[in-house]
1. Ignoring ligands, DNA and RNA, what accessible area per residue does the chain give at 1.4 Å, in Å²?
2. On the protein heavy atoms, probe 1.4 angstrom, tell me the percent of accessible surface of the stretch 188-227 carried by carbon and sulfur.
3. Which listed residue (GLY229, SER285, GLY264) has the Cα farthest towards the positive end of the charge dipole for the stretch 205-324, taking +1 on Lys and Arg C-beta and -1 on Asp and Glu C-beta about the Cα centre?
4. Taking Cα atoms, how many degrees apart are the long axis of helix 155-170 and the longest axis of the chain, rounded to 10 and kept between 0 and 90?
5. Calculate, for ARG195 and LYS66, the FRET efficiency according to 1/(1 + (r/R0)^6) with r their C-beta to C-beta distance and R0 56 Å; round to the nearest 0.05.
6. Ordering HIS210, HIS98, HIS272 from largest to smallest accessible area (1.4 angstrom probe), what's the sequence?
7. Please give the helix 210-223 orientation as an angle from the longest Cα principal axis of the chain, in degrees from 0 to 90, rounded to the nearest 10.
8. Suppose R0 equals 45 Å; then what is the FRET efficiency for ARG258 and LYS75 from their Cβ-Cβ distance, rounded to the nearest 0.05?
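The values are calculated or read from the model by the stated rules, or taken from the named source; none is laboratory data. What you see is a predicted model; the values in this text were computed from it and never measured. Glycine also receives a Cβ, built like all others from the backbone with ideal geometry; neighbour counts cover every protein chain displayed. For accessibility, only protein heavy atoms count, side chains too; no ligands or nucleic acids. Shrake-Rupley method; radii C 1.70, N 1.55, O 1.52, S 1.80 Å.
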Amino acid sequence: MSPAIVPVTIPRSLAAIAARPPALFLPAPEAAERFFEFFTANIRNKNTRRAYYKAACRFSDWCDRKGLHGLAKVKPVHVAAYIEGLLQELARPSVKQHLAALRMLFDWLVVGQVLGANPAHAVRGPKHVVKKGRTPVLDREEARALLAVIDTGTLTGLRDRALIGTMIYTFARVGAVLQMDVSDYFTQGRRGWVRLHEKGGKEHEAPCHHKLEVLLDQYIAAAGIAGDGDKPLFRTTGRSTGTPHRMTQPDAYRMIQRRARAAGIKTKVGNHSLRATGITDYLKSDGTLEHAQAMANHSSPRTTKLYDRRNDEASLDEYEKVGI
């Protein structure tokens, strides 16, 4: 007798995947089941899960248009043609991500004996060598203007200023900051510290810049959430339900865009720009690459070097020497 299956509550993101597997994986029941297992048992990061699911759906739609109904009909030449087409629509890093998603998914199906071979294994992705980051950054005066323009007479203003300040002063990813609970801001050795929940389940603790302490203290005091412990630190405001929820990355992006426009900043900044701004300013202030790597919790110094934009100003000075 097979063991009883204990009912569990499936998160909304996984429920959507279970309810709508792409058509390519539907004809064979074992393929649909294995497809769902790939996103539940094999991928833990919700952002990766969302990106890979979109990649699988896009490939499935492409196969449907090409008359490839069923996994058995998909060959390396088809994956190669699909990738070639993506290069006409997406940036190279995005294409590489799509190919990585297909490779991992088909590998999972091969291990589960749904497929005999991985049709994406032999397909080469586009070359993409990055020596300098492309994330827009703010200079010191722009960053100060961004913080100064925020109306701190409202709780929303205090929240937005604290959120922006946390990303700038801790070099943290927006995802790590938004995952903070109230208890992740704590006192140690008479100094405020933050606990950041990074990718891969890693926790990174960092002392707060003295200006960041002020921003967080004022926000928490005004919000009256000092005793909330395991509840979200950065929450939505003004919802019709009256129930605050943890802010999402799109929430943060819209907020930053709105605040940048109010400050008259022309640079097209986003969530990641604030992390890049903090690292760049630190390096310009004679900070070392080794310390910047540790502070940003990068596993490789090559990643930190992408944020070193000091040569931008040097290049501008050189081009200005043209006397025509």
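1. Working: 18730 Å² over 324 residues.
Counting only protein heavy atoms, the per-residue value for the chain is 58 Å².
2. Solvent-exposed carbon and sulfur of the stretch 188-227 make up 48 percent of the total.
3. GLY264
4. Between the helix axis and the principal axis of the chain, the angle is about 80 degrees.
5. It comes out at approximately 0.70.
6. Numbers: HIS210 105, HIS98 25, HIS272 75 Å².
Ranking HIS210, HIS98, HIS272 by accessible area, largest first, yields HIS210, HIS272, HIS98.
7. Relative to the chain, helix 210-223 is tipped by roughly 80 degrees.
8. Working: r = 48 Å, r/R0 = 1.08.
Once the sixth-power term is evaluated, E becomes 0.40.
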